[in-house]
Amino acid sequence: MPRTGLTAAEIKKKAIDATVAAMREEGFDKVRLTDVAKQLGVSHAALYLHFKDKTALLDAVSERWLVEIDESLDAICRKQGKEPTEKMLAWMLTLHRAKRAKVLHDPELYKSFDLLANAQKPYVQQHMSTLMAQLVGLVREAIAARRLRGADPDKMAEILWEGMMAFHHPKLVAQHLDEKREPLLRLVLESMLKGLALKTD
């Protein structure tokens, strides 16, 4: 344990907290590992044990945001007694709201994410994998409840994901920031679900 009395996990958490605060106050481009270390009361060398450079620290900020999104969506997936397509709508709305809120209320954190995050980074890949697994699970529930036809759940989830891209991709959300898009989101999802629905006639 370091001389601060903090565990490695606590140092990482406090470093991320301090970085978020600095980004909001001064902008992400002004974040310095030496300043974060000073605020935590550790040497910059000690902080380098956890973050090899500024990019790694900013990545940790983005990763925590994505994990928070994953967890909020997982809570919807686990909700019992709710109709599967209603859960799917709640899932899509929650994802849309999380992305919109970040662009609208945390512009510096979003700017950092937009510049640094890419599909090759492990935490982004993990986030995408988690989201698709959740969406596939919701599709399976809808098929079991006879709300969707019994086709390939993975393919159906992919269709829904791509079809709803305008409402959850950060760049596309940012382009429509001055619009209230939730009514359109509901209409688009409803239309897609009708197209994928079990035919009963």
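Within the range 138-191, the set of residues being outside any helix (DSSP H, G or I), under 26 Å from Ala101 (Cβ atoms) and touching a helix residue (DSSP H, G or I) at 6+ places or on another chain (Cβ under 8 Å) comprises Met164, His169, His176, Leu177, Arg181. When restricted to residues that are exposed (fewer than 14 other Cβ atoms within 10 Å of the Cβ) and touching a Pro at 6+ places or on another chain (Cβ under 7 Å), the range 104-153 contains 1.
Residue-by-condition table, conditions (1) modelled with pLDDT under 95; (2) surrounded by 13 or more Cβ atoms within 10 Å (Cβ to Cβ); (3) touching a Lys or Arg at 6+ places or on another chain (Cβ under 7 Å); (4) assigned by TED's automatic domain parsing to the domain that holds Gln175:
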site: Ala8; (1), (2), (3), (4): yes, no, no, no
site: Ala18; (1), (2), (3), (4): yes, yes, no, no
site: Ala37; (1), (2), (3), (4): yes, yes, no, no
site: His44; (1), (2), (3), (4): yes, yes, no, no
site: Val67; (1), (2), (3), (4): no, yes, no, yes
site: Asp70; (1), (2), (3), (4): no, yes, no, yes
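For first residues located in the range 73-89 and at positive phi, partners that are among the acidic types (Asp, Glu) and assigned to a helix (DSSP H, G or I) and lie 6+ apart or on another chain with Cβ distances below 7 Å do not occur. The residue list Glu83, Glu162 contains one member that is surrounded by fewer than 17 Cβ atoms within 10 Å (Cβ to Cβ), at pLDDT 95 or above and not assigned by TED's automatic domain parsing to the domain that holds Ala21, which is Glu162.
The values are calculated or read from the model by the stated rules, or taken from the named source; none is laboratory data. Treat the numbers as computed from the prediction; the structure is a model and nothing was measured. When we count neighbours, we look across all protein chains shown, and the Cβ atoms used for this are built from the backbone with ideal geometry, even at glycine.
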